[in-house]
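For reference, the structure discussed in these notes is given below.
Readers should treat all values here as calculations from the given coordinates under stated rules, not as data from a laboratory. Fair warning: this is a prediction, and the values are worked out from it, not measured in the lab. Reconstructed Cβ throughout: ideal geometry from the backbone, glycine too, with neighbour counts over all protein chains shown.
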Amino acid sequence: MELVFEKHFEGREGADVLVIPYWKQEGSIQPACALFEGSEKIYPVIDLGDFGAKEQELWLLYDWNQKEQRILLVGLGSEEKATLETMRRAYAEAVKYAISKRWKSANLLLPTHAEYSPHQVAYAAAEAAIMTNYSFDYMSAKLEKKVALMEKICVVADGCDAEKILRDSLAIAEGIKLTKNLVNGNADDITPKFLAQQATEIGKRYPAMKVRVFDKQAIVKEKMGLFHAVSRGSTEDPYFIVMEYQGNPSSKDHTVLIGKGITYDTGGLSIKTTSGMETMRCDMAGAATVMGVMVTVAELKLAVNVSCIVAATENAIDANSYKVGDVYRGYNQTTVEIKNTDAEGRLALADSLAYAVANLQPSRMIDLATLTGAAEVALGSVRSPFFSTDDLLASQLFEVGEEVGERLWLMPLDADYRDLITSRVADIKNCGDREGSLIFSAMFLKEFVGNIPWAHVDIAGTAFLSKPRHYHTTSATAYGLRLLIHYLKKFHVKS
């Protein structure tokens with residue numbers, strides 16, 4: 001899709017539809033955009049009360065005197081209650097409607113808002129357009145099922161840095177597309193080897209990027225005993241992927257991102273039910289997201305130092321699968337009693353975290369993982385529970401999450417919960433009772449982070465939806481990508 005900006009309403013080119021935002025006020029509605037003087041075709045719709053400007057409400061009408069001839073009114077609700085997320089969702093509905101009609105182009109007018117700058121509003125609309133204009137229909141053999149995406153969207157906006165918004169939006173788009181394609185793809189295609197190949201190819205594209213891939217032999221040599229144990233049941237070899245981007249060589253500040261990379265999860269010997277395995281191709285969503293972040297960071301040429309680690313493997317079943325009741329030793333020499341082989345993601349993450357501490361000199365570490373069903377039970381698919389050993393890191397991530405619509409909720413890491421992971425035969429165990437199971441996973445990972453500021457984000461409920469919602473048109477959401485990109489830009493890029 002071509003995304004363009006136009007400062008002047010009269011200077012815009014024609015399109016299939018003109019999208020005009022409206023505020024809902026007590027007893028009336030008001031145009032939210034000062035650039036458009038109005039059309040007499042709109043007045044009857046307003047006067048008769050057919051369009052109330054409720055959030056995400058749409059109304060289509062026609063005007064032969066306009067360049068577009070189709071006018072789509074979009075409601076933003078109350079101006080006092082509106083947020084940037086309100087605007088993202090409203091413009092997403094408009095773009096989805098245009099796609100459903102197979103229109104190829106649209107001109108978007110933007111609201112003015114006392115709290116948000118024109119730049120913020122324009123960026124929110126651009127993000128909505130990019131995220132919504134996505135499909136994953138490669139598996140459909142029927143042409144009529146193919147989604148006809150939009151070819152051009154013009155954002156008509158004054159008072160913003162259009163060039164910067166365009167550059168940032170297209171970079172975000174690159175990362176989101178990669179992430180969603182990886183998560184939506186078949187597990188037989190998106191294998192550990194495929195992720196390693198993708199990482200290698202990404203590294204070749206960007207001079208500031210260095211990629212190292214450890215194969216099975218190297219993983220054994222490095223004594224990543226927990227990660228290796230998880231991989232033993234699969235015919236697909238594991239790969240340990242390290243991607244390093246150095247955008248500020250003069251600084252020692254270094255953010256390390258870790259993504260859970262279980263490309264398919266059967267549960268191992270603690271086998272899942274059939275329904276429990278149905279969506280397990282998404283169990284590498286954390287890995288896909290941090291790889292997408294690396295692409296976006298490199299596209300933006302951000303002046304930050306950031307790395308990502310992906311321990312990629314399947315958790316499969318055969319005679320060589322790791323065993324319930326046995327004890328395995330991790331990279332940092334911590335021994336773990338296996339109580340459930342379906343609690344495998346934390347084992348791969350544990351060796352990833354320990355490796356980062358020992359080798360990458362991180363200033364902070366953030367991991368994303370589809371780790372527990374308890375996360376979805378607790379918060380559904382609206383927010384992700386997260387844990388942190390550092391108050392500043394936690395507050396910054398929460399703040400950015402609220403701004404970009406990838407919202408978080410802080411969970412406790414009280415020392416009293418340490419008893420959950422106590423084992424009688426090893427240093428710790430990998431699974432316990434249902435009570436406190438969400439906290440258990442975080443307490444387990446905490447054993448491997450040392451004194452490094454750390455945050456763990458459980459995206460089990462937010463990374464893969466059961467049905468489309470807002471600007472997420474497929475199951476995969478790329479949740480966490482915009483969160484991490486905006487976090488890096490806001491708190492670690494020196495202006």
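Dipole magnitude of the stretch 2-158 about its Cα centre, charges +1 at Lys/Arg Cβ and -1 at Asp/Glu Cβ only, in debye to the nearest 20?
Roughly 700 debye for the stretch 2-158.
With each run of n ≥ 4 DSSP H residues scored as -39500 (n - 2.57), what mean residue ellipticity at 222 nm is computed for the chain after dividing by its residue count and rounding to the nearest 500 deg cm²/dmol?
-10500 deg cm²/dmol
Which three lengths, in whole Å and largest first, does the stretch 171-491 cover when its Cα atoms are put on their principal axes?
48, 41, 39
Rounded to the nearest 5, what % of the DSSP beta bridges within the stretch 355-460 are antiparallel ones?
Antiparallel bridges make up about 25 percent of those DSSP assigns within the stretch 355-460.
How high is the FRET efficiency between Ala114 and Asp253 when r is their beta carbon distance and R₀ equals 56 Å, given to the nearest 0.05?
Using R0 = 56 Å, I get an efficiency of 0.95.
Once the other residues with Cβ under 11 Å from the Cβ of Met150 are scored (Lys, Arg +1; Asp, Glu -1), what is the net sum?
+2
If the only charges are +1 at each Lys and Arg Cβ and -1 at each Asp and Glu Cβ, what is the size of the charge dipole of the stretch 171-491 around the Cα centre, to the nearest 20 debye?
Rounded to the nearest 20 debye, it is 600 debye.
According to a simple spin-label model (label point 7 Å from Cα along Cα-to-Cβ), what is the distance in nm between Lys223 and Ser363?
3.2 nm
Fewest to most neighbouring Cβ within 10 Å: what's the order for Cys431, Cys282, Cys308?
Cys431, Cys282, Cys308
Sort the stretch 163-223 into rounded, prolate or oblate with this rule: let a ≥ b ≥ c be the square roots of the eigenvalues of the Cα gyration tensor; rounded if a/c is under 1.5, and if a/c is not under 1.5, prolate when a/b is larger than b/c, oblate otherwise.
Oblate.
How far is it, in nm, from the label point at Leu392 to the one at Lys7 when both lie 7 Å from their Cα along the line to the Cβ?
3.9 nm
When you count, for each residue, the other Cβ atoms within 10 Å and take the mean per peptide, how do 19-27, 43-51, 285-293 rank with the highest first?
Result, highest mean Cβ count within 10 Å first: 285-293, 19-27, 43-51.
Which loop trypsin sites (Lys or Arg not before Pro) in the stretch 391-467, with loop taken from DSSP, have no more than 16 other Cβ atoms within 10 angstrom of their Cβ?
Sparse-neighbourhood loop trypsin sites (Lys or Arg not before Pro): Arg424, Arg434.
Enumerate the calculated ³J(HN,Hα) couplings along the stretch 86-101 in order (Karplus 6.51 cos²θ - 1.76 cosθ + 1.60, θ = phi - 60°), each rounded to whole Hz, writing x wherever the residue is Gly or Pro.
Taking θ as phi minus 60°, the curve returns 4, 5, 4, 5, 5, 5, 4, 5, 5, 5, 4, 5, 4, 5, 5, 8 Hz for the stretch 86-101.
For each pair in Lys101/Lys152; Lys96/Lys180; Lys193/Lys252; Lys177/Lys210, compute the distance between the two Cα atoms and list the pairs where it is over 20 Å.
Over 20 Å apart, Cα to Cα: Lys193/Lys252; Lys177/Lys210.
Is the C-alpha gyration tensor of the stretch 340-454 telling us rounded, prolate or oblate? Criteria: a/c under 1.5 is rounded; beyond that, a/b larger than b/c is prolate, otherwise oblate.
It is oblate, given that a/c is not under 1.5 and a/b is not larger than b/c.
So if we plug the beta-carbon distance of Asn451 and Asp215 into 1/(1 + (r/R0)^6) with R0 = 41 Å, what FRET efficiency do we get, rounded to 0.05?
Computed FRET efficiency for Asn451 and Asp215 comes out at 0.85.
Give the lysines reachable from Lys490 as a straight Cα distance under 17 Å; neighbours fewer than 8 places away on the same chain don't count.
Here the lysines satisfying the reach criterion relative to Lys490 are Lys164, Lys301.
Each label point is 7 Å from the Cα along the Cα-to-Cβ direction; what then is the distance between the points at Asp433 and Glu80, in nm?
So the two model labels end up 4.9 nm from each other.
Quote to one decimal, in nm, the extra length available between Lys101 and Trp409 on full extension: 0.36 nm per residue of separation minus the C-alpha distance between them.
Here the segment from Lys101 to Trp409 would lengthen by 107.1 nm.
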